[in-house]
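K.L.:
Right, I'll just put the structure down here and ask away after.
The values are calculated or read from the model by the stated rules, or taken from the named source; none is laboratory data. Nothing here was measured: the structure is a model prediction, and the numbers come from that model. Note that each Cβ is placed from the backbone with ideal geometry, even for glycine, and that neighbours are counted across all protein chains shown.
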Amino acid sequence: MRQPCETDTILNERGWNLVITGAVFHINESSAAKQRAALRNIVNLIAEMPDLPVELVVQGDAINLVVTTETELAEELRTLQDRGLSVAVCHNTMKAKNISAQQLLPNLTIVPSAVGRLVTRQQEGFSYIKP
């Protein structure tokens, strides 16, 4: 992960220094339109800030985005991964929906829980984005 620099530091309304070290997108809806909109947001962010680490956390009903036989957006996701996007998939969701790692698209990170990953990323200075 890249180190924060002076231009990453912003001052919020209370005067606290915040260092933005990345962006974490959270998606938990099965709608292809909602998923497509989230991926468009990611495309736009990467275009504007190409050096910023970006992660997509997939949880709940959005699991269809990363299941090989269900996704409509595999090509778009692969293109974003080629541009640096990392994708984290909730293991709790996989268990609840009886989905194995073999059913997922390649190059994903399975995390114990989406909520835990979101909290960790925010503690690390990632901005939380829920499209």
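K.L.:
Checking residue 104 against (1) in contact with a strand residue (DSSP E or B) (Cβ under 7 Å, 6 or more places away or on another chain); (2) at pLDDT 95 or above; (3) surrounded by fewer than 19 Cβ atoms within 10 Å (Cβ to Cβ), only one condition comes out false. Which one?
P.N.:
(3)
K.L.:
Going through segment 40-63 one residue at a time, which ones are in contact with a helix residue (DSSP H, G or I) (Cβ under 8 Å, 6 or more places away or on another chain) and not in a strand (DSSP E or B)? Spell out how you get there, then give the answer.
P.N.:
Just the residues of segment 40-63 that are in contact with a helix residue (DSSP H, G or I) (Cβ under 8 Å, 6 or more places away or on another chain), to begin with: 42-43, 46, 52, 54-60, 62-63.
Once the filter is applied, which keeps residues that are in contact with a helix residue (DSSP H, G or I) (Cβ under 8 Å, 6 or more places away or on another chain) and not in a strand (DSSP E or B), segment 40-63 yields 42, 43, 46, 52, 59, 60, 62, 63.
K.L.:
Which is surrounded by fewer than 19 Cβ atoms within 10 Å (Cβ to Cβ), part of a loop (DSSP other than H, G, I, E, B) and acidic (Asp, Glu), of 76, 72? Walk me through how you get there before you give the answer.
P.N.:
Details: 76 fails: part of a loop (DSSP other than H, G, I, E, B).
Exactly one of 76, 72 is surrounded by fewer than 19 Cβ atoms within 10 Å (Cβ to Cβ), part of a loop (DSSP other than H, G, I, E, B) and acidic (Asp, Glu), namely 72.
K.L.:
Taking the residues in segment 107-131 that are of a type in the set (D, E, K, R) and over 22 Å from residue 34 (Cα atoms) as candidates, determine which candidate is surrounded by the most Cβ atoms within 10 Å (Cβ to Cβ).
P.N.:
121
K.L.:
Looking only at segment 95-114, how many residues end up being part of a helix (DSSP H, G or I), aliphatic (A, V, I, L, M) and free of Cβ contacts under 8 Å to residues at least 40 places away in the same chain?
P.N.:
Here is the first cut: in segment 95-114, the residues part of a helix (DSSP H, G or I) are 95-96, 101-103, 114.
The next check asks that each one be aliphatic (A, V, I, L, M); those that pass are 96, 101, 114.
Going one step further and asking which of them are free of Cβ contacts under 8 Å to residues at least 40 places away in the same chain, we end up with 96, 101.
Selection size over segment 95-114: 2.
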